[in-house]
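The values are calculated or read from the model by the stated rules, or taken from the named source; none is laboratory data. Note that the structure is predicted; figures quoted are calculated from it, not measured. Note that we place each Cβ from the backbone using ideal geometry, even for glycine, and neighbour counts take in every protein chain shown. For the accessible areas, the whole protein counts, side chains as well, though only heavy atoms, and no ligand, DNA or RNA atoms are used. Shrake-Rupley method; radii C 1.70, N 1.55, O 1.52, S 1.80 Å.
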Amino acid sequence: MERKSNYISMGVTAFLTAAAILLFYDTLFGGKAVLDLLKTVQPILYGAFIAYLLAPMVNFFERGLFPLRPGRERKRSQAMLVRTAGILLAWLVIAFFFYLLASVLLPELYKSVLQLIANVDNYYNTISGWVNHLLETNPAVSGWVSQQMAAYFQDLDKWLTGGVLPQLQAVMVTVSGGVLSLVNFVKDLLVGIIASVYLLATKERCAAYGRKLVYSLVPRERVGLVLRGVRRADLIFSGFVRGKLLDSIIIGVLCFVCCSILKFPYTPLVSVFVGVTNIIPFFGPFLGAIPSAFLILLVSPRQALYFVIFVLALQQLDGNVIGPKILGNTTGLSSLWVIIAILVGGGFFGVVGMFFGVPVCACLNSLVNYFVDARLRKKGLSPDAGEYAAGGVHGPRPE
């Protein structure tokens, strides 16, 4: 009987290993099965992410507005009413936030965009004057630009003579595809919002099913280890994702207030750039500051210089005061690993990968450190990395 059980265990292990290899190959080498599956469950993923973000707010309302005396439990009907009230209050807060966004920021943002469009001719003349001055004072640069322009005109002539109609058809297909993608995103988001309500209402039951699954798949002596790993991953993701979103909102609001006081042009547009791109770790502030500074430069070079100084000061405030207060050391990664995580995540999954690459890398780093430290302790070696500098550890410690 024991031999039969071993054969079954070996067969299940071999099957799971083969499935993991096929999944890894399908993901990395362009298979469409995983992508099609993700598109199918995309609304559920949106809902799970929204519920994950709103869970602390729901818990806060339940415990703050409807406290429970120690040693007492709520009846099922009372618990359902409290949970419903918590979810409703959380969504009212989100709705109020978007109302403020729509009533305060969006009108100003609309005016900034209209102002930018109205001044396109002036900006073109400004840039043309800069280019002409550069070419007049640098003959070598003028010759290189002339060669490049001649090559571009040849390519343009080939494109026109090759037929504009196919190109226009391609443009129309691209535009229609973008509109269709937007409609599908809105539809998936609405379904995700509905799914998030159900997930928030049954979050304890979902957690119980997750623990039940762990107990069914993992040997009993390793269940505690797996659950501790899940809690550690949740701590990393919750601290980074929620903290980074809150940090970006604060930076965007501070940028809007300070730019309004300093009377920079395109203040709403610049604030949105800085706040949204601040979500991306490390590179985000630069991605938001560069186009913003260029827009201000077209209006006033002096104000552009002041804006660059202001953004540097704002990022110092974020990096040394606001960020550590909100995020703390949730990831435990060095700057080098943060850069690597952003580059790898961005290479595979674009902007979303740049954001989630850091917490994923932090989870993998925590997992690797745990196994490395466990192996070192098993060999009688110290897990302290400082003792390995310059070959400081050569073998097991003497008893």
I'd like the full set of residues that are within 16 Å of V299 (Cα to Cα) and either open to solvent by 80 Å² or more (accessible area, probe 1.4 Å) or at pLDDT below 65 (or both), limited to the range 115-149. Q115, I117, D121, N122, Y124, N125, W130
Of the conditions (1) farther than 18 Å from A289 by Cβ; (2) open to solvent by less than 30 Å² (accessible area, probe 1.4 Å), V311 clears all except one; give me its number. (1)
Restricting to the range 240-255, count the residues that are of a type in the set (A, V, I, L, M, F, W, C) and touching a Leu at 6+ places or on another chain (Cβ under 8 Å). 6
When you look at L109, is it at pLDDT 70 or above, assigned to a helix (DSSP H, G or I) and either small (G, A, S) or more than 18 Å from P291 (Cα to Cα) (or both), yes or no? no
Taking the range 277-291, which residues are within 11 Å of V308 (Cα to Cα) and of a type in the set (F, W, Y)? F286
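What about V352, is it modelled with pLDDT under 85, part of a helix (DSSP H, G or I) and not charged (D, E, K, R)? Explain how you work it out, then say what you get.
On the way: modelled with pLDDT under 85: yes; part of a helix (DSSP H, G or I): yes; not charged (D, E, K, R): yes.
Judged against the criteria, V352 is a match.
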Residue list for the range 262-286, filter: surrounded by fewer than 18 Cβ atoms within 10 Å (Cβ to Cβ) and either of a type in the set (F, W, Y) or in a helix (DSSP H, G or I) (or both): L262, V276, F282, F283, F286
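With more than 27 Å from G129 (Cβ to Cβ) and not aromatic (F, W, Y) as the only criterion, which of L317, L297 stands out?
Numbers: L297 fails: more than 27 Å from G129 (Cβ to Cβ).
Checking each option against the conditions leaves just L317.
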For the range 339-355, which residues satisfy the criterion of being closer than 17 Å to L245 by Cα and touching a residue at least 24 places away in the same chain (Cβ under 8 Å)? I342, V351, M354, F355
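Yes or no, residue by residue, for (1) free of Cβ contacts under 8 Å to residues at least 24 places away in the same chain; (2) over 20 Å from the mean Cα position of the chain (by Cα):
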| site | (1), (2) |
| --- | --- |
| D188 | no, no |
| L200 | no, yes |
| S238 | no, no |
| G252 | no, no |
| Y266 | no, yes |
| F273 | yes, no |
| P281 | no, no |
| G288 | yes, no |
| L298 | no, yes |
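Condition check ((1) surrounded by 15 or more Cβ atoms within 10 Å (Cβ to Cβ); (2) over 24 Å from N369 (Cβ atoms); (3) of a type outside the set (K, R)) across all residues:
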site	(1), (2), (3)
L317	no, yes, yes
I322	yes, yes, yes
G332	no, no, yes
L336	no, no, yes
A341	yes, no, yes
V344	yes, no, yes
G347	no, yes, yes
G350	no, yes, yes
F355	yes, no, yes
Filtered residues of the range 79-93 (kept if surrounded by 13 or more Cβ atoms within 10 Å (Cβ to Cβ) and closer than 10 Å to A201 by Cβ): R83, T84, G86, I87
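Does R242 count as modelled with pLDDT under 85 and surrounded by 13 or more Cβ atoms within 10 Å (Cβ to Cβ)?
Details: modelled with pLDDT under 85: yes; surrounded by 13 or more Cβ atoms within 10 Å (Cβ to Cβ): yes.
For R242, the condition - modelled with pLDDT under 85 and surrounded by 13 or more Cβ atoms within 10 Å (Cβ to Cβ) - is met.
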So which residues in the range 214-239 are over 30 Å from V274 (Cα atoms) and open to solvent by less than 100 Å² (accessible area, probe 1.4 Å)? V214, S216, V218, P219, V223, G224, L225, V226, L227, G229, V230, R232
